[in-house]
Amino acid sequence: MKTPYAALLLMLTAAGTLASAMPARAETDFGKTQPSVSDIVNSLKEDDSVSGVRTRSLRPGAAAEATSAAVAEPAAAPSISMQIQFDYASDRISAQSKKIMNNLAAALTSSELQSQTFTIVGHTDGRGAADYNMALSQRRAASVKAYLVSNGVGAERLKTIGKGLTELANKDNPAAAENRRVEIVAGS
């Protein structure tokens, strides 16, 4: 027969194993599709689930051991990857991306997301010089921010960074269109 302490320890160990086995929230990649406002909102909403288990100590030091065993790694911030088209070698958003940009602006101003902050991350393909691509990705992220601000999203809620060609989505084909993308990361 197990003692109450042994049963509690077994439960905490199982909870810790379960919590650490839970996957981090993955990025939603919309690829070439045009997500709806609700698709974007649902992908960027913060997760309200509990990330750990708290217990009372049955002996000195037991609470610290139990809590550290039961707390999962923090989940990655929700993010989406979108194919926003730009004019060639430019930071000007092309007309064909107007609908997706309008949906993004509507989602970020929605009641579900209006209190969150976001980072706009620009990426380029693998063609050209690294320093040129870094500057281009930064300008493209800034262009997306400017569009969102002009459509009602508070500038203080948005920050921008460029990754250039450092994080290719398709490493096997550096020139692939899916490498030229913008990510929106929540809570950054």
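Worth pointing out:
- One residue stands out in region 160-178 among those that are of a type in the set (Asp, Glu) and exposed (fewer than 15 other Cβ atoms within 10 Å of the Cβ): the one that is farthest from the chain's Cα centre (by Cα), namely Asp172.
- Qualifying residue in region 102-115 (condition: acidic (Asp, Glu), out of contact with any His (no Cβ under 8 Å at 6 or more places or on another chain), surrounded by fewer than 18 Cβ atoms within 10 Å (Cβ to Cβ) and in a helix (DSSP H, G or I)): no
- A single member of Ala24, Ala75, Ala89 is assigned to a loop (DSSP other than H, G, I, E, B), among the hydrophobic types (A, V, I, L, M, F, W, C), modelled with pLDDT of 50 or more and surrounded by fewer than 14 Cβ atoms within 10 Å (Cβ to Cβ), and it is Ala89.
- Residue in region 139-159 that is nearest to the chain's Cα centre (by Cα), counting only those that are surrounded by fewer than 18 Cβ atoms within 10 Å (Cβ to Cβ) and under 28 Å from Asn173 (Cα atoms): Ala142
- Candidates Ala107, Ala146, Ala129, Ala186: the one that is modelled with pLDDT of 95 or more and closer than 17 Å to Asp29 by Cα is Ala107.
- Selection count where residues are in a loop (DSSP other than H, G, I, E, B) and in contact (Cβ under 8 Å) with a residue 60 or more places away in the chain, scope region 129-188: 5
- With respect to the conditions (1) loosely packed, with under 14 Cβ neighbours inside 10 Å; (2) under 20 Å from Ser115 (Cβ atoms); (3) more than 19 Å from the chain's Cα centre (by Cα), Gly187 lacks only one, and its number is (3).
The values are calculated or read from the model by the stated rules, or taken from the named source; none is laboratory data. Owing to the predicted nature of the structure, the values given are computational and were not obtained by experimental measurement. A quick note on method: Cβ atoms are made from the backbone with ideal geometry, for glycine too, and the neighbour counts reach across all protein chains shown.
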